[in-house]
1. Cut-off is 10 Å between beta-carbons; in what order do T69, T56, T77 appear when sorted fewest neighbours first?
2. Given the options L50, Q38, I70, identify the residue whose Cα lies farthest towards the positive end of the charge dipole of segment 22-73 (+1 on Cβ of Lys, Arg; -1 on Cβ of Asp, Glu).
3. Please list, in chain and number order, the residues 5+ apart from V68 or on another chain whose amide H is under 5 Å from its amide H, with Hs placed from the backbone.
4. Ranking D55, D66 by Cβ neighbours within 10 Å, fewest first, what do you get?
5. Using the 10 angstrom Cβ neighbour count as an exposure proxy, how do I39, I70, I9, I62 rank, fewest first?
6. Within the set of other residues whose C-beta is less than 9 Å from the C-beta of D33, count the net charge using Lys and Arg as +1 and Asp and Glu as -1.
7. Label W48 and K35 with points 7 Å out from Cα along Cα→Cβ: what is the distance between them in nm?
Amino acid sequence: MKRLLSLLIAVAFVASASLALAKDYQVTGPVVDVKDDQIVVKKGNENWELARDKDTKGAAEIKKGDRVTIKYKMIATSVESKSAAKAEKSKGDAKAGAMKDEKKADAKAGAMKEEKKADAKTK
């Protein structure tokens, strides 16, 4: 019996901790547009487009022009990773390319100076 009780307490604790991981946010403003799957709210100069589904509470009564406060969570749906070694190599390649461009510019400037000297001598 004690094991069952401790197991239930552990499961409840883990479940509550996992729900707390996603931070709650909110946006308040007038409704600009309402669609079956989206609510558009004006916040400052920007229109915020928030997705909604059949489980969104209180979304059925919203009309265009209503002032609303929408609570939402930001949860990642996918993550793309680029290895740190590739990123460092790219930075190194960019630096090397910049140095080559700088050397080309210096060589071009030197050649132009030589041409000007040659022109001055012929005049």
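We did not get these values from a lab; they are worked out from the coordinates using the rules stated. Being a predicted model, the structure only gives us computed values, none of them experimental. Quick reminder, even Gly has a Cβ in these numbers, built from the backbone with ideal geometry, and neighbours come from all protein chains shown.
1. T77, T69, T56
2. Among L50, Q38, I70, the one farthest towards the positive end of the dipole of segment 22-73 is I70.
3. Those qualifying (amide H under 5 Å, at least 5 residues apart or on another chain) are G29, V31.
4. D55, D66
5. Arranged by neighbour count, lowest to highest, I39, I70, I9, I62 become I9, I62, I70, I39.
6. Charge balance in the 9 Å sphere: +1.
7. Once both label points are built, they end up 1.9 nm from each other.
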